[in-house]
Amino acid sequence: MDGCDCIEPLWPTDELLIKYQYISDFFIALAYFSIPLELIYFVKKSSFFPYRWVLIQFGAFIVLCGATHLINLWTFTTHTKTVAMVMTIAKVSTAVVSCATALMLVHIIPDLLSVKTRELFLKNKAEQLDREMGLIRTQEETGRHVRMLTHEIRSTLDRHTILKTTLVELGRTLGLEECALWMPSRSGSSLQLSHTLSHQVTVGSTVSINLPVVNDVFSRNRAIIIPHTCPLARIRPLTGRYVPPEVAAVRVPLLHLSNFQINDWPELSAKSYAIMVLMLPSDSARKWHVHQLELVEVVADQVAVALSHAAILEESMRARDLLMEQNVALDLARREAEMAIRARNDFLAVMNHEMRTPMNAIIALSSLLLETELTPEQRLMVETVLKSSNLLATLINDVLDLSKLEDGSLELEIKAFNLHAVFKEVMSFIKPIAAIKRLSVSVMLAPDLPLCAIGDEKRLMQTILNISGNAVKFTKEGHISLVASVVKADSLREFRTPDFHPAASDDNFYLKVQVKDTGCGISPQELPHVFTKFAQSQHGGNRGYSGSGLGLAICKRFVTLMGGHIWLDSEGTGRGCTVTFVIQLGICDNTNAYQQKLIPLVWPSSGDADFVGSVPNAPNEEKGQASLKYRYQRSI
């Protein structure tokens with residue numbers, strides 16, 4: 001004993017072992033903390049475990065164990081008293097919970113062994129599956145019969161065939177002795193027997209719609225059993241030994257026919273129903289089953305859908321026939337209208353040609369007659385003839401142009417032309433008459449106005465001439481100004497209207513022409529009608545001026561045809577007016593071909609016109625040529 005050293009010598013701390021213990025405590029704590037999460041998931045998903053609170057207590061025990069191992073990580077090295085206190089409290093709590101859990105397990109283990117929870121659960125599940133399988137089989141059988149019957153009744157859209165097929169198929173599927181359908185009468189005060197399966201009772205019998213049994217059926221959305229003695233069930237004669245059968249009845253919703261009038265169908269309200277009565281064989285013990293009544297209800301709904309489709313089809317066929325008749329009548333009217341338009345255009349063209357020849361002769365001879373020596377009375381009469389002839393010639397051409405514009409036969413002649421020459425030519429036309437009335441005329445062309453453009457030169461000139469001619473015509477004194485400019489791209493939005501949407505382009509530009517006068521003006525009430533054909537101002541300031549009322553109407557159509565917009569502004573009667581239009585013209589690349597001298601224009605000094613630009617004075621002969629040109633030639 002003296003030589004035996006039974007006491008184990010002290011062993012210095014091994015850093016590797018401490019490291020392994022540290023890692024092990026960490027993973028033990030991690031595992032302890034994950035177990036309660038799994039228990040919580042189990043309790044949440046389990047609907048049959050009766051001792052959930054035991055699992056919660058067991059989870060607390062595991063959490064405390066994990067906390068103990070987690071706190072132990074700080075005890076492998078020098079630690080404070082606080083860590084020691086926390087470790088002590090954790091271990092004491094763990095011991096208490098451990099003992100409580102152990103004692104509780106001893107108490108509930110016999111109860112757990114005696115409870116056959118799983119067995120009961122499986123048994124309940126088996127019973128539930130049996131019920132569901134029975135329901136599925138019933139639904140499959142009902143669905144098969146419904147599909148078969150639906151296919152039969154939807155194979156036709158004749159309502160009588162639909163109802164007859166329904167009764168036959170229901171009688172065969174359910175083994176019925178009789179099946180009948182009661183339809184509401186036209187008056188809606190009674191039900192009429194319209195279809196039967198065996199025809200044992202004469203069709204056409206009626207029952208009052210106010211009977212209690214009828215109201216009972218109408219108020220239910222399911223099939224019900226009705227007494228075999230009620231009026232609805234009297235659909236077969238009572239013969240031989242008679243055992244009362246079970247009779248079922250179900251309502252059949254009918255389409256609201258207030259907007260339809262189909263043959264002999266009554267005018268039904270939105271709450272109208274028919275009644276289908278089904279009778280099991282007498283002298284038998286058969287009773288109505290739930291799935292059979294459900295089948296009857298589904299069939300009633302399908303019959304209602306089929307009847308509504310039939311009603312809609314009949315109405316659509318009637319509407320189609322009516323529409324075809326209307327289309328034929330419209331096509332005939334269209335052809336007649338086209339023939340009338342062609343005849344009118346031919347007549348206007350012939351009349352325009354035939355009337356223009358003598359009219360030109362009258363104008364020419366009247367103009368020449370004015371150059372001779374006449375007495376004042378003779379000169380007044382010749383001037384009246386010349387004025388009336390010019391007006392009539394203008395009216396003839398305006399009517400022909402308006403006719404072409406309205407029927408769409410007028411087409412623009414798009415080509416390159418000298419834009420500056422158009423305005424100089426317009427001034428050469430309106431200047432003589434303006435000089436006679438001692439009106440000053442000014443023309444201003446913007447510096448950036450292109451020399452040439454691509455468009456319809458003739459229609460542009462006619463539009464400017466009509467507007468300028470109106471300005472001269474309705475101005476007694478003062479001045480008339482014509483301004484032409486190019487609309488800048490950033491200013492296009494100012495001219496947008498619901499019918500006019502200008503857009504900038506590299507190949508086009510927008511020309512703005514504005515004609516302003518100091519004439520009689522237009523009242524605000526008459527402004528909306530100035531572009532209406534044959535509309536003339538009835539205000540006192542405009543009285544005494546003759547005209548057809550077609551000039552501005554034609555201008556508006558020309559401007560619209562050239563992709564533009566025209567409008568008129570006036571501050572009121574006696575304050576003049578301003579006519580402005582914007583049209584789209586193409587940009588001409590070859591401007592050298594138009595760099596030529598224009599015919600210089602000279603006007604009388606009594607009404608000199610200012611033309612912005614260098615225009616040399618012309619010899620006096622050209623004055624007479626311009627005057628004759630105005631007299632002999634209509635303004636386009």
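For segment 445-525, the solvent-accessible area with a 1.4 angstrom probe is 47 square angstrom per residue.
Note on Ala333/Asp499: beta-carbon distance plugged into 1/(1 + (r/R0)^6) with R0 of 22 Å gives a FRET efficiency of 0.20. Ordering of 456-465, 486-495, 126-135 by packing is 456-465, 486-495, 126-135, highest average first (other Cβ atoms within 10 Å, averaged per residue). Per-residue extension of 0.36 nm, minus the Cα-Cα distance of Asn221 and Trp74, leaves a gain of 45.3 nm for this segment.
When the listed pairs Lys387/Lys415; Lys415/Lys476; Lys431/Lys512; Lys387/Lys488 are checked against a 32 Å cut-off, the alpha-carbon distance exceeds it for Lys387/Lys415; Lys415/Lys476; Lys387/Lys488.
A Förster distance of 56 Å, applied to the separation of the beta-carbon atoms of Lys125 and Ile89, puts the FRET efficiency at 0.70.
Treating r as the C-beta distance of Thr229 and Met317 and R0 as 45 Å, the FRET efficiency rounds to 0.55.
The values are calculated or read from the model by the stated rules, or taken from the named source; none is laboratory data. Worth saying up front: this structure is predicted, and the values here are computed from it rather than measured. Here Cβ is always computed from backbone atoms with ideal geometry, including for glycine, and neighbour counts include all displayed protein chains. The area values use the complete protein model at the heavy-atom level, side chains included, leaving out ligands, DNA and RNA. Shrake-Rupley method; radii C 1.70, N 1.55, O 1.52, S 1.80 Å.
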